[in-house]
Amino acid sequence: QVQLVESGGGLVQAGGALRLSCTRSGSIFREDTMAWYRQAPGKQRELVARLSYEGGTTYADSVKDRFTISREEGKDTWFLQMNRLTPQDQAVYYCQARLQLKRGDYYREIWGQGTQVTVSS
C-alpha cells in the first residue's frame, strides 16, 4: 500500500522559515507529479507548489520567490522549503502525489495526512 507521510510542521514567527518533508512508502510503477497543497480554516484547499517527475515546477503566485519544492535525489522524499513566512501562510499542509501503481493502471492521487503550520505575528 502506498502512503505519504509529512513532517516538519510547527510554530514559527512571521519572517521565519520551515521545511516540510514528505516521504512515500510502497512500490509504484510510475510517478507523474508531486505537490504540496494547503488548507486554512474556512478556505478551500489550494495548490502551493508542484514538481513534475521531469523537474518542472509550478508555484502559487502567493508563494513565488519564498517557497521552493524539491526532491531528495534518488529517494522517495520531497520537500517544501518555506521562507519569509507570514500569518497568511498558516494552514494545514498536505503532500500529494499523482502515481501509476501498476503498468497499464490509471493515474491516481495519493494524499498525506497533513501537517500544521502556524505563523505567529
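The values are calculated or read from the model by the stated rules, or taken from the named source; none is laboratory data. It should be emphasised that the depicted structure is a prediction, and the values quoted were computed from it without experimental measurement. Quick reminder, even Gly has a Cβ in these numbers, built from the backbone with ideal geometry, and neighbours come from all protein chains shown. These accessible areas exclude ligands, DNA and RNA; they are computed on the full protein's heavy atoms, side chains included. Shrake-Rupley method; radii C 1.70, N 1.55, O 1.52, S 1.80 Å.
Tabulated results
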| item | result |
| --- | --- |
| Subset of the stretch 1-31 [out of contact with any Phe, Trp or Tyr (no Cβ under 9 Å at 6 or more places or on another chain) and closer than 15 Å to ARG71 by Cβ] | ILE28 |
| Set ARG84, ARG66, ARG45, ARG50: member being farther than 18 Å from PHE29 by Cα and touching a helix residue (DSSP H, G or I) at 6+ places or on another chain (Cβ under 9 Å) | ARG66 |
| Any chance LEU20 is under 23 Å from SER121 (Cβ atoms) and touching a Gly at 6+ places or on another chain (Cβ under 7 Å) | yes |
| Any chance ARG30 is of a type in the set (Lys, Arg), in contact with a Lys or Arg (Cβ under 9 Å, 6 or more places away or on another chain) and modelled with pLDDT under 95 | yes |
| Selected residue (criterion: farthest from the chain's Cα centre (by Cα)) from residues of the stretch 34-55 that are basic (Lys, Arg) and either surrounded by fewer than 21 Cβ atoms within 10 Å (Cβ to Cβ) or more than 18 Å from THR115 (Cβ to Cβ) (or both) | LYS43 |
| Selection count, the stretch 44-56, where residues are outside any strand (DSSP E or B) and free of Cβ contacts under 8 Å to residues at least 24 places away in the same chain | 5 |
| The stretch 92-117 - residue that is under 17 Å from GLY26 (Cα atoms) and under 10 Å from the mean Cα position of the chain (by Cα) and, of those, surrounded by the most Cβ atoms within 10 Å (Cβ to Cβ) | CYS95 |
| Qualifying residue in the stretch 60-71 (condition: of a type in the set (A, V, I, L, M, F, W, C) and out of contact with any Leu (no Cβ under 7 Å at 6 or more places or on another chain)) | yes |
| Test: residue in the stretch 11-25 that is of a type in the set (A, V, I, L, M) and open to solvent by 70 Å² or more (accessible area, probe 1.4 Å) | yes |
| Subset of the stretch 57-86 (residues that are more than 12 Å from ALA17 (Cα to Cα) and either surrounded by fewer than 11 Cβ atoms within 10 Å (Cβ to Cβ) or of a type in the set (D, E, K, R) (or both)) | ASP61, LYS64, ASP65, ARG71, GLU72, GLU73, GLY74, LYS75, ASP76 |
| Given (1) within 18 Å of VAL119 (Cβ to Cβ); (2) under 15 Å from the mean Cα position of the chain (by Cα), number of the condition ALA14 does not satisfy | (2) |
